[in-house]
């Protein structure tokens, strides 16, 4: 069972994983606070260990991806989880899948654009503001890029019809 929906029995492990990966069990997206270990999503296991995690919430006609993490490089776990979330959105009748990332996260921006996501908003200084609520957000990110802004990416989808 490599990939499966998050179960209540996974919540403590996910909370620890999120704290390790994100510096806290709390994450921020578009000025809102979320606790990924309390959300819906998918986990990917390799040798019974958590190798990937994607969490989301559904609001209105959209499924917002809140976290995507993979700890096994080169296995396309993140891509597989995002594709599964898109499929989930369609099965729930959603018309869009969207996510927010930081301006330094060039890998995530590239991955999502390759999957058809489009940049629909740049929230200038949003991360600076988020640090007031979550001071664990680093000031410098990947490749020495200062982190200040949120980039919103969106994929329009057609719901499955029966």
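The values are calculated or read from the model by the stated rules, or taken from the named source; none is laboratory data. Keep in mind it's a predicted model, so treat the numbers as computed, not measured. Ideal geometry is used to build each Cβ from the backbone, glycine not excepted, and the neighbour counts take in all protein chains shown.
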* Mind telling me which of the residues 129, 156 ends up being touching a residue at least 40 places away in the same chain (Cβ under 8 Å), loosely packed, with under 15 Cβ neighbours inside 10 Å and either within 17 Å of residue 82 (Cα to Cα) or under 15 Å from the mean Cα position of the chain (by Cα) (or both)? => 156
* Asked: In this structure, is residue 84 within 25 Å of residue 161 (Cβ to Cβ) and surrounded by 21 or more Cβ atoms within 10 Å (Cβ to Cβ)?
  -> no
* To do: Collect the residues in segment 134-153 that are loosely packed, with under 13 Cβ neighbours inside 10 Å, part of a loop (DSSP other than H, G, I, E, B) and at pLDDT below 95, keeping them in residue-number order.
  => 135, 136
* To do: Being free of Cβ contacts under 8 Å to residues at least 60 places away in the same chain, out of contact with any helix residue (DSSP H, G or I) (no Cβ under 9 Å at 6 or more places or on another chain) and outside any helix (DSSP H, G or I) narrows it down to one of 74, 110, 93, so name that one.
  => 74
* Asked: Only one of (1) at pLDDT 95 or above; (2) closer than 18 Å to residue 111 by Cβ; (3) in contact with a helix residue (DSSP H, G or I) (Cβ under 9 Å, 6 or more places away or on another chain); (4) in a strand (DSSP E or B) fails for residue 82. Which number is that?
  -> (4)
* Asked: Considering only segment 1-55, how many residues are part of a strand (DSSP E or B) and in contact with a strand residue (DSSP E or B) (Cβ under 8 Å, 6 or more places away or on another chain)?
  -> 20
* Asked: When residue 50 is evaluated against the numbered criteria (1) over 27 Å from residue 128 (Cβ atoms); (2) under 10 Å from the mean Cα position of the chain (by Cα), which criterion, by number, is the only one it fails?
  -> (2)
* Structure fact -> By residue number, the members of segment 96-107 that are part of a strand (DSSP E or B) and either farther than 12 Å from residue 154 by Cα or out of contact with any strand residue (DSSP E or B) (no Cβ under 8 Å at 6 or more places or on another chain) (or both) are 102
* How many residues does segment 56-71 contain that are assigned to a strand (DSSP E or B), farther than 22 Å from residue 105 by Cα and either at pLDDT below 95 or in contact with a helix residue (DSSP H, G or I) (Cβ under 7 Å, 6 or more places away or on another chain) (or both)? -> 1
